[in-house]
Amino acid sequence: MAVTLDRMAVSATLHCLTGCAIGEIVGMLVGTAAGLANGATVAISIVLAFCFGYSLSTLPLLRSGMPVGAALRLVLAADTLSILTMEVVDNLVMLVIPGAIDAGLVNVVFWVSLMISLVVAFAAAYPVNSALLRRGKGHALTHEHHHDHGGSPARPWVPSIPTGSLVAVIVAFLLGGLVVAVAEALS
């Protein structure tokens, strides 16, 4: 059972990281490109991370036929602590690395710092998700609802986005940003 919980904790943390990473990346890009102060950039990143994190967790519940209100209440209860942990750690790392946010979008420091912050956020949120799962909380609350149990009609129009595909897109985007920054530094 411990192996199953450990795998579920990795899966839950990775799933949470995808939503947080999308919001975090978009927020950092917007704030950095607009030349916003660090506090504003961090605030935008946090808001977007929560929005994307909750949205991605809500989709499977809606697809299974759960009403929107019930799905949102369940996701708020299940994901808030994990997303909060990731956001605190991720943004602290970005603020602690000298010049990370101020580096600019075509600077290697920005992209490497963003990658480091996401890896550290994953490492910080894993034990949180593991502890929640062991107590029947967190993603354990949503897991049983991911498939239709016959009580309500499934909604095939709600997209099903595999976590692995999202991770691949995020990694490709981060590496693409890094490649552009390296090319700019070499030119």
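Worth pointing out:
- Label separation (L186 vs V88): 4.1 nm, computed from points 7 Å beyond Cα along the C-beta direction.
- Distance between the modelled labels on W157 and V179, one decimal in nanometres: 3.8 nm (7 Å Cα→Cβ projection).
- Using alpha-carbon coordinates, inclination of helix 38-63 to the longest axis of the chain, degrees: 30 degrees
- Rg of the Cα atoms in the chain, relative to 2.2 N^0.38 Å, amounts to 1.09.
- Extension gain (nm, one decimal) between A40 and L105, 0.36 nm per residue minus Cα-Cα: 21.8 nm
- The protection proxy used here, the mean number of other Cβ atoms lying within 10 Å of each residue, ranks peptides 48-58, 158-168, 62-72, 123-133 as follows, highest first: 48-58, 123-133, 62-72, 158-168.
- I116/A77 FRET efficiency (R0 35 Å; Cβ-Cβ; nearest 0.05): 0.70
- Counted residue by residue at 0.36 nm each, then reduced by the alpha carbon distance between them, the extension gain from D6 to A172 reaches 57.1 nm.
- Plainly put, the stretch 15-95 has a radius of gyration that is 1.05 times its Kirkwood radius, both from alpha-carbon atoms, as the Rg/Rh ratio.
No value in this document is a laboratory result; all are computed from the given coordinates. Bear in mind that the values here come from a model prediction, so they are computed numbers and not experimental data. Don't worry about glycine lacking a Cβ; one is built from the backbone with ideal geometry, like all the others, and counts go over all protein chains shown.
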